[in-house]
1. If you stretched the chain out fully between Thr241 and Lys68, how much longer would it get, using 0.36 nm times the residue separation minus the C-alpha to C-alpha distance?
2. Cross-link partners among lysines for Lys233, C-alpha distance below 25 Å, same-chain residues fewer than 8 apart left out?
3. Extension gain Arg2-Glu59, at 0.36 nm per residue separation less the Cα-Cα distance, in nm?
4. Between the stretch 186-205 and the stretch 73-99, how many Å separate their Cα centres?
5. If each DSSP helix of 4+ residues adds -39,500 (n - 2.57) and the sum is divided by the residues in the chain, what number results at 222 nm, nearest 500 deg cm²/dmol?
6. Please return the longest range in the chain lying between exposed loop sites, taking chymotrypsin sites (Phe, Trp or Tyr not before Pro), DSSP loop only, at most 11 other beta-carbon atoms within 10 Å, and leaving the sites out.
7. Based on the inverse mean of 1/r over its pairs of different Cα atoms, what is the Kirkwood hydrodynamic radius of the chain, in Å?
8. List the relative contact order of the stretch 5-98 as a percent without decimals, with contacts defined as Cα pairs under 8 Å and 6+ residues apart.
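None of the figures in this text is laboratory data; all of them are computed from the coordinates on show. Not measured: the values here are computed from a predicted model. FYI the Cβ positions are ideal-geometry reconstructions off the backbone, even for glycines, and counts take in every protein chain you see.
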Amino acid sequence: MRADYTRWLTEQQYADNTKAAQLHRVKKVEESYGNLDEHFANGTYDGVINALKYSRADEKANKPNPSKIKFDGNIRNNLQSYKNAVVRYRKFLNDIGFQKAPIPQQDLREKNGTLSDAESNRQRLSLERDMQAALRRNIASLDPSLKIIDDGSERAVDSGLIDITCDDGKSIVVVEIKAGQADNRAIGQILGYMGDLLEEEDGRPVRGILVAHDFDKRTKAAARVVPTLSLRKYSIEFKFTPAD
């Protein structure tokens, strides 16, 4: 595990207890499967993720722990937490792979004074992280029936990391957040997450909520034919008060 992973987790605005849990779980996986950096470099990373899969159907069949990791307690919950940690660490490795060379400050803006693609993307990700943190603090503002069930951090599935995973008493709910306008790629992303959960949860109903400032025409059209997917707009309000 790279030494700068802790800094990356901090930059992603994870709480201290979440950071500690992620570091512990990555270390435990490496004790059983070897250095994850080497797996990433050698193209064997997916093999580690696959070794940590354990579905609700596996749980119903009372299958034994298929992994090399030894632990007490519920097999599915434990392996899900280790898989989450490994998928999150892969996201870190992908991120630093695209950012090996620091971007000079003077290059962060184009000649016309607008933000470069790299800086714009960085700001977008930061806003999405802030929005996720705010929504986690008040998930009822999105839907009063929702209860967060992902232990405070994104749940890992084959398609990636789900922003917030909830339960409404009837279904598992995937909440995906996009800063600005969402396009049709966001539809494919959230449907992929929903499909992964359908498989992992052995057919339990799954629905999705895509949150964005606005949606393009194709996104709205696609959502109309998916009854288990809803679109929700967010707005940001500024309030001003006199200085003391």
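1. Answer, rounded to one decimal: 56.5 nm.
2. Lys147, Lys170, Lys178, Lys217, Lys220
3. Net length gain for the segment: 17.2 nm.
4. Value for the Cα centre distance between the two parts: 18 Å.
5. Result for the chain, helices only: -14500 deg cm²/dmol.
6. Longest gap between qualifying sites, sites excluded: 1-237.
7. It works out to 19.8 Å.
8. The normalised contact order for the stretch 5-98 reaches 36 percent.
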